[in-house]
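Novice: Please read through the structure below; I'll follow up with questions.
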Amino acid sequence: MRALLRRCLAAVLLALALPTCAGAEVPATHLAVLARGVNFTNWFRYPSRQDDAHFRDYISDAALAELRRAGFTFVRLAAQPELMLRDGRPDPHRLTLLAAAVARIERSGLGVMVGWHPQTWNLENSAAQQQQLQDLWGALAPLLRTLDPARTFPEVMNEPVFDKREPQWEALQAKVLARIRAALPRATVVLTGTNWGSVDGLTGLHPLADDNVVYSFHIYEPPLLTSLGSFDGSLDHAALAHLPYPVVGAHACDAAEQATLQPHTRDAIRFYCSEHWDAAKLRALIDRAAEWGRRNHAAVVCGEFGASDQLPPVTRLAWITDMRRALQADSIGWAIWGYDDSMGFDIHPDRFPHRTLDPALLRALGLPGHG
């Protein structure tokens, strides 16, 4: 009986934590902004420098204008919370620099999805870090209050894990949403599921009682191809660069197998080819996310996808094209990872200021005006 009472009390407390916006929904104008995005991965995350000049001037107004002309509608701005804390508490100066960056991007005509990308946190096991997540939003959200709610999209956190602890994440996400909503009542907030924000994490999520939110997922399937198996350091990554996409024919993986003598890598290559990855298989994954959205009357967005530039261009661009078309077919907005990452454009303004957007990658993304 006591266990039952504790469960009932927990359910009541969770319900009280959920924000309620009766009659609210995601405005169509907000969803239109979230149509075609690009991630900024090294401005406020893994920065090459940590001085104010870097945080103010990492990307030029001309580069932002180039993104807009290319057809992008928003930027996803990754912010490392460890850089925004001083003595364990939100650093007002750094947060002001972050808010100023959001405002400058929006002045260029782009929307901004901004959220925390922890590098050292172990959020599942740290009550202190969970409190820091809430406190950071409690400090940043008021700084975004003067910005256009049609272009400002606070994202609770990037890729929470919480494996087999989904209720714990849902309760924490509800608390954070309440902190954001207190300062930004009209903003469309970006929520996500567990297990690194995957499709499985999304489809296992219980939607919160706030209709002016979108639910994000990330997709790099199959990771043996898109990241050259970076999740396993023992693999022969050079050989994996020979993996084909799409996988067509009985001998599609012969070149990859012949590129390595390592049994472990050969086994991984054979397994990859046995799954026959192609446009239909990618589409089935995206359809799962879209169906979850329809079933829950929830808007869905793909916050990350991309593929290593160590793949042959024909392979890489075929995967990116098929993924983008699958998202487009289900009317799901997306953001490529990233502007300054090798999974995307690999432009680093602080090191290679004269690089511009790759036309072949733009075509794969359907920009500008490509199918």
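Novice: Only Lys, Arg, Asp and Glu count, each charged at its Cβ (+1, +1, -1, -1), so figure out the dipole size of the chain about its Cα centre, rounded to 20 debye.
Specialist: In total the dipole reaches around 1000 debye.
Novice: Taking Cα centroids, how far is region 68-99 from region 332-371 in Å?
Specialist: So the separation of the two Cα centres works out to 20 Å.
Novice: Show that you can apply the helix-only estimate: for the chain, add -39,500 (n - 2.57) for every DSSP H stretch of four or more residues, divide by all residues, and state [θ] at 222 nm to the nearest 500.
Specialist: -13000 deg cm²/dmol
Novice: Separate question: Give me Rg/Rg_expected for the chain, where Rg uses Cα atoms only and Rg_expected = 2.2 N^0.38 Å with N residues.
Specialist: The value comes to 1.00.
Novice: Oh, and also: Which residue, Pro27, Gln129, Ala70, has the largest displacement toward the positive end of the dipole of the chain when charges sit on each Cβ (Lys, Arg +1; Asp, Glu -1)?
Specialist: Ranked along the dipole, the leading option is Pro27.
Novice: What translational D, rounded to a whole number of µm²/s, comes out for region 85-155 from Stokes-Einstein when the hydrodynamic radius is the Kirkwood one over Cα pairs, at 10 °C and 1.306 mPa s?
Specialist: 122 µm²/s
Novice: Can you put Leu235, Leu177 in order, fewest other beta carbons within 10 Å first?
Specialist: Arranged by neighbour count, lowest to highest, Leu235, Leu177 become Leu235, Leu177.
Novice: Return the sequence-ordered ³J(HN,Hα) values of region 26-36 in whole Hz as given by the Karplus equation 6.51 cos²θ - 1.76 cosθ + 1.60 applied to θ = phi - 60°, using x for Gly and Pro.
Specialist: My calculation for region 26-36 gives 6, x, 4, 5, 5, 4, 4, 5, 8, 6, 9 Hz in order.
Novice: Could you tell me which chymotrypsin sites (Phe, Trp or Tyr not before Pro) in region 185-282 are loop residues by DSSP with no more than 12 other beta carbons within 10 angstrom of their beta carbon?
Specialist: Answer by residue number: Phe231.
Novice: Applying the Karplus parametrisation 6.51 cos²θ - 1.76 cosθ + 1.60 with θ = phi - 60° to the phi angles of region 349-362, what ³J(HN,Hα) value in whole Hz is obtained for each residue in order, glycine and proline being reported as x?
Specialist: x, 7, 10, 10, x, 9, 5, 10, 5, 6, x, 5, 5, 4
Novice: So how many Å³ per residue does the convex hull of the Cα atoms of region 226-274 work out to?
Specialist: 66 Å³
Novice: Further, regarding this structure: Between region 34-59 and region 156-200, how many Å separate their Cα centres?
Specialist: Cα centroid of region 34-59 versus Cα centroid of region 156-200: 23 Å apart.
Novice: Here's a follow-up. Determine the sum of side-chain charges near Asn195: Lys and Arg each +1, Asp and Glu each -1, restricted to other residues whose C-beta is under 9 angstrom from that of Asn195.
Specialist: Net of charged neighbours comes to -4.
Novice: Additional query: For region 226-234, in order, what is each residue's ³J(HN,Hα) by Karplus, 6.51 cos²θ - 1.76 cosθ + 1.60 with θ = phi - 60°, in whole Hz (x at glycine and Pro)?
Specialist: Result, ordered by residue: 5, 10, 6, x, 4, 6, 9, x, 7 Hz.
Coordinate-derived values only; no laboratory data. Quick caveat: nothing in here was measured; it's all calculated off a predicted structure. Note: ideal-geometry Cβ built from the backbone for every residue, glycine included; neighbour counts use all protein chains shown.
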